[in-house]
Structures are given as structure tokens and as C-alpha cells.
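Written out below as C-alpha cells is the structure these notes cover.
Values in this text are rule-based calculations from the coordinates and carry no lab data. Values in this document were obtained by computation on a predicted structure and should not be read as measured data. Note: ideal-geometry Cβ built from the backbone for every residue, glycine included; neighbour counts use all protein chains shown.
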Amino acid sequence: MTAIAFEAHSTRARRRRIAGVVYRDLAAMRRSPIRVFEILFWPVIELVVWGYVTLFLQANKVPFVVSMLLGAVLLWQVLHRASNEVAIGFLEDVWSRNLINLHVTPVTPGEYVTGLILFSLIKIAGGLAVMVTLAYVLYGFGLFSVGIGLIPFMAVLLVLGWALALVAISSVLRFGEGAQVIAWSLVFVFQPVAGVFYPVSVLPEALQWLASAVPASHVFEGMRAVLGGAPVPWDTLALAAGLDVVYVAVALWLYTATLRHARSKGRLSRFGE
Amino acid sequence: MAILEAQSLTKRFGPVQAVDGVDLTVGEGEITGLLGPNGAGKSTTLHMLLGLVTPDSGRVSMFGLDLQRHRTEVLSRVNFSASYLGLPGVLHVREVLHSFARLYGLRDPRKRVAEVVELLEIGPLLKRRTSDLSSGQHTRVQLAKALLNDPELLVLDEPTAALDPDAGERIRNLLVSVARETGTALLITSHNMLEVERMCDTIHFLSAGRIVASGSAAELAAHFGVVDLEEVFLKVAREGVPA
């Protein structure tokens with residue numbers, strides 16, 4: 001053991017290595033104003049467009065529409081950013097041919113992903129703060145009107161987003177850089193059955209069954225119920241959390257299996273070429 | 001004491017037998033060269049030693065620890081630099097070094113970064129983006145990164161490929177002095193025969209995934225009945241290995 005480093009398996013070494021991933025991504029964000037702009041641009045555009053749609057619908061006497069649609073836009077952003085930010089953090093290492101440098105460090109796959117997740121939390125918190133403020137200033141909608149349920153709603157969506165990011169990362173590890181489109185689009189595969197902007201009950205019966213297996217659908221249904229005056233549906237949220245556990249377990253298995261496969265087939269080496 | 005022991009490493013990619021029964025031992029402070037024509041299996045061998053590629057069979061152990069089972073501990077004592085690797089392009093050199101110092105779990109990243117910056121004479125580059133560096137500067141930063149954790153084994157794939165003769169000579173001298181003074185073992189691939197001849201204590205020639213000859217530069221030249229390593233290389237690459 002080199003004296004200048006903490007013992008490799010110590011908690012301090014693990015913390016330091018995770019901090020290295022976060023430090024690197026924070027520095028990259030600081031050096032790239034376009035990245036900060038990108039974090040805010042699309043969420044704000046989406047908020048403005050949907051905000052005025054809701055005002056139009058409200059003018060036509062559609063009840064509850066402002067809070068429900070704006071709440072949906074804001075919570076959708078939590079899921080969308082959780083998935084994209086982690087996947088993009090990984091892709092930036094691919095784009096800069098830095099992946100091999102990372103894989104010859106003592107950083108474990110778990111520490112690497114933890115670092116990406118922590119950094120995504122920072123970006124999501126920043127982006128969400130701006131959106132929540134804008135929603136309040138422009139439309140008088142306070143996200144906190146969802147109440148205590150907001151915490152589990154967001155937690156379920158964050159965890160689901162991270163699980164989807166792991167699937168996207170696994171796809172790139174398995175199929176190469178060409179599969180990066182999955183990182184951008186995977187979350188949208190879930191959007192139709194997640195009931196983001198409409199109740200799951202409007203879906204055909206088969207899709208309703210599918211929706212019941214998507215944690216996000218329980219969150220958006222729950223949000224609409226709470227904004228309609230009902231109590232927080234803890235039982236449904238517990239089901240969503242249980243589904244999250246299954247999604248994360250599958251995503252972790254996929255990630256470790258594809259990493260093992262990439263090492264076995266020499267694909268990991270090719271990320272340095 | 002052996003820092004690195006690789007036994008019977010094999011790797012096949014589809015129809016290609018990339019590495020075929022390679023045995024390799026590197027001792028403390030020893031400088032070992034891995035030579036061979038393109039496609040001989042040098043990079044695949046290095047990548048197996050670093051855990052980037054899983055061998056089909058065989059075993060890699062470092063510091064007496066099995067690489068597969070003790071990956072984190074082993075990799076914290078090893079480092080790697082290659083001319084073909086990139087670094088996060090938007091980051092300043094200082095930020096790259098600080099992030100890798102943390103990734104290696106260093107106790108005092110600031111102090112160690114200052115030390116390698118002085119050693120590699122890259123102080124003027126610290127506030128430059130890595131994407132703005134010349135290839136020679138990039139190589140020096142990669143080497144600084146590779147020395148951050150004061151590695152006991154430093155694996156170098158074409159370490160001076162992008163450097164002019166003067167810069168190359170200075171880097172070679174630096175690497176040799178690091179090996180001699182700190183006991184760091186070096187494992188090097190290079191197509192620069194003069195470099196290998198000057199630096200390496202032991203040289204292994206790879207051809208078609210096998211080590212076909214080993215020894216010092218003088219021993220290899222004598223073995224093949226030629227005057228220098230360049231001629232050994234040409235003989236092995238063009239004529240194969242005499243039985």
C-alpha cells in the first residue's frame with residue numbers, strides 16, 4: 001500500500017473516490033457554461049409551453065388543470081433529468097476517451113455510479129429550483145402545495161430515473177457508442193404508460209396493466225389525487241417503491257453483467273480507441 | 001520480489017488468438033519492455049494485466065494478490081498511461097490531476113499534485129484545458145496522472161510516441177530515475193527500439209500472441225546474431241522465430 005493513499009477498502013478511500021467523480025463533473029460543468037444553459041433551457045421551455053396550455057384550458061373551465069399539468073411537468077423533469085444526467089455523465093467519459101483511465105483506477109463500478117448519481121442530484125436540484133420559482137411567478141403554482149407527498153413522489157421518480165440510466169449505460173457498454181441514443185430516449189418509452197399528463201384510466205386495458213408495473217404511473221396518479229384534495233396514497237406509493245427496488249435490482253444486474261461482458265469481449269478496451 | 005506475475009494468459013477474439021500462453025514476471029524497480037509488431041498482442045496483454053480485458057485462461061497476480069479478486073487494492077497501487085487515451089477535454093490540467101488524485105484515494109491530493117507537477121515540469125499548463133494541449137503536453141499530463149498514486153507498477157503503452165526527441169529523452173530519463181529511486185516497476189510497450197534498448201532491463205518479444213524471445217537487448221541481439229534490437233525486431237517480424 002502506498003503511504004500517500006488511504007487504505008483501498010477504507011470508508012475514507014471510498015468517500016474520496018466518489019468525491020473524485022463528483023469533483024470532476026462539477027469542474028466540467030463550471031468550465032462549460034453551455035452545460036449550465038442546457039440544464040435550464042429545455043425544462044424552462046417545457047414549463048412555459050405547458051403553462052400557457054394550461055392557462056388556455058383553464059380559461060375554458062377545465063377544472064384543476066393548472067396545478068395538475070404544471071405538477072406533472074415539474075415531476076416529469078425529475079424523472080427525465082435523473083435518467084439523462086447520470087447517463088450523460090458516463091457518456092462524457094466515452095466521448096473524451098477517458099473511460100479506460102477510469103477503469104484502471106481503484107474506483108469500483110458502484111462508487112462510479114454513486115458519484116454520477118450525487119452529481120445528478122446537484123443538477124436536478126438546481127434545475128428544479130428554477131422551474132419551481134418560475135411556475136410560481138408565472139402561473140401562481142406552488143409545487144409544495146402537493147404537501148408531504150412530494151418527498152416520496154420525487155424519491156420514487158429519482159430512483160426510477162437512475163435505474164433507467166443504468167440500463168442506458170449498459171446499452172452503450174454492450175453495443176458501443178452508437179447506442180447512446182438510448183440514453184436520450186429510454187425515459188420517453190415509459191412516458192405514454194406513466195400517465196404523466198392524463199390518468200392511466202384513459203389507456204386501453206392492456207396498457208393499464210403495463211402502467212401498473214411502472215412506478216412513475218403511481219406517482220403521477222397519486223399527485224393528481226393529492227392535488228384534487230385526496231390524502232397521500234401511501235399504499236400506492238409503497239407499491240411504487242417496491243417496483244423501484246425491482247427496477248434497480250434488474251438495472252444493477254444488467255450493468256454488472258454488461259461490464260463483465262465488455263471486459264470479456266474486449267469492448268471496454270475499444271472505448272480508448 | 002515479484003511485483004507482477006502473469007501465468008499462461010490466453011485471449012481469443014473470435015477467430016483471432018490475440019494472446020496465447022503468455023507468462024510474465026516483473027520485479028521491483030525492474031524496467032520491462034514488451035515488443036512486437038502490430039497485432040502481436042501487446043496491448044491486449046497490457047489490458048489483461050490492468051483488468052480491462054478478462055483472460056480466457058491464466059492468472060494475473062500483483063503484490064501477491066489475485067487481480068480478479070482484489071481489483072480495488074491492486075489498482076490502487078498500479079497506474080497506466082497510453083498515448084491513445086484522452087482526458088476530459090473541458091477540464092483544466094489542474095482539475096484533471098485533482099480529480100484523479102481523488103479517484104486514487106490520495107490522502108492529500110493538493111500536495112501530491114504539486115509534486116508531480118514539479119516532477120513533470122507542467123506548472124505552466126495547469127490553467128490550460130486538456131483539449132488545448134499539444135500532443136507532447138498531453139503526454140506529459142498523462143504521465144503526471146500516472147504518477148499521482150506513486151505506483152509500484154507503472155504500465156506504459158507507447159509512452160513517448162507523441163514527443164519530439166528532446167522531450168522524449170527527458171521523459172525517458174525521468175521514468176528511469178523514478179524506477180531506480182522509488183523502486184517503481186515499469187512495463188513498457190514501444191515501437192522505438194532505441195528507447196527500449198536504453199531503458200529496459202528485460203525485453204520480451206511477442207509474435208502472434210506468444211512470447212518468442214526474452215532477455216536484455218544485448219542478449220537478444222546475440223541470440224539472433226544481429227547487432228541491435230531494431231534488427232531483432234525486423235528479423236522476428238519478417239522471418240518469424242527460428243526453431
Inset, instruction - Quick one, could you list the DSSP H helices from chain A stretching 27 Å or more along their long axis (Cα atoms) with average Kyte-Doolittle hydropathy of -0.5 or above? - result: A:33-59, A:65-95, A:109-139, A:150-175, A:234-265
Inset, instruction - Note down the nm distance, to one decimal, between modelled labels 7 Å out along Cα→Cβ at residue A:148 and at residue A:235. - result: 1.8 nm
Inset, instruction - Taking chain B as the reference, fit the longest principal axis to its C-alpha atoms, fit the long axis of helix B:93-103 to the helix C-alpha atoms, and give the angle between the two in degrees, 0 to 90, nearest 10. - result: 70 degrees
Inset, instruction - Identify which of A:53, A:86, A:137 has the largest mean-square fluctuation in a Gaussian network model of chain A, with springs joining Cα atoms closer than 10 Å. - result: A:137
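Residue B:28 to residue A:3: FRET efficiency via 1/(1 + (r/R0)^6), r the Cβ-Cβ distance, R0 22 Å, to the nearest 0.05? Each step should come with its number before you reach the end.
Values: r = 16 Å, r/R0 = 0.73.
The calculated FRET efficiency here is 0.85.
Summing +1 for each Lys or Arg and -1 for each Asp or Glu, what net charge is found among the other residues whose Cβ lies under 14 Å from the Cβ of residue A:84?
Numbers: positive: A:35, A:81, A:123; negative: A:25, A:38, A:46, A:85, A:92.
Spelling it out: positives minus negatives among the neighbours equals -2.
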Inset, instruction - Describe numerically, in nm with one decimal, the distance between label points set 7 Å from Cα along Cα→Cβ at residue A:15 and at residue B:13. - result: 4.2 nm
Legend entry - Percent RCO, i.e. relative contact order, over segment A:39-143, from Cα pairs under 8 Å lying at least 6 residues apart: 39 percent
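Return the FRET efficiency for the residue pair residue A:95, residue A:188: r is the Cβ-Cβ distance, R0 is 25 Å, and the value is rounded to the nearest 0.05. If you can, show how the numbers build up before the last one.
Values: r = 22 Å, r/R0 = 0.88.
For residue A:95 and residue A:188, the calculated efficiency is 0.70.
Once the Cα gyration tensor of chain A is found, what semi-axes does its equivalent ellipsoid get, as square roots of 5 times the eigenvalues, in whole Å, sorted largest first? Don't skip to the answer; put the middle values down first.
Working: eigenvalues 258, 84, 61 Å².
One finds semi-axes of 36, 20, 17 Å for chain A.
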Legend entry - Pairwise label distance in nanometres, residue B:107 with residue A:205, each label 7 Å out on the Cα-Cβ vector: 6.9 nm
Legend entry - Rounded to 10°, Cα long-axis angle of helix B:109-120 versus longest principal axis of chain B: 60 degrees
Inset, instruction - Please give the contour-minus-distance gain from residue A:179 to residue A:48: 0.36 nm per residue of separation, less the Cα-Cα distance, rounded to one decimal in nm. - result: 44.0 nm
Inset, instruction - Set the Förster distance to 30 Å, then compute FRET efficiency between residue B:170 and residue A:30 from the Cβ-Cβ distance, nearest 0.05. - result: 0.35
Inset, instruction - Working from Cα positions, state the angle (0 to 90°, nearest 10) between the long axis of helix B:135-147 and the longest principal axis of chain B. - result: 90 degrees
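At 222 nm, what helix-only mean residue ellipticity would chain B give, in deg cm²/dmol to the nearest 500, using -39500 (n - 2.57) for each DSSP H run of four or more? Could you put the intermediate results ahead of the total?
Details: 9 runs with 93 residues, N = 243.
Here the helix-only value at 222 nm equals -11500 deg cm²/dmol.
Cβ under 14 Å from residue A:69's Cβ, residue A:69 left aside: what net charge do those residues give with Lys, Arg +1 and Asp, Glu -1?
Values: positive: A:224; negative: A:46.
Result for the neighbourhood of residue A:69: 0.
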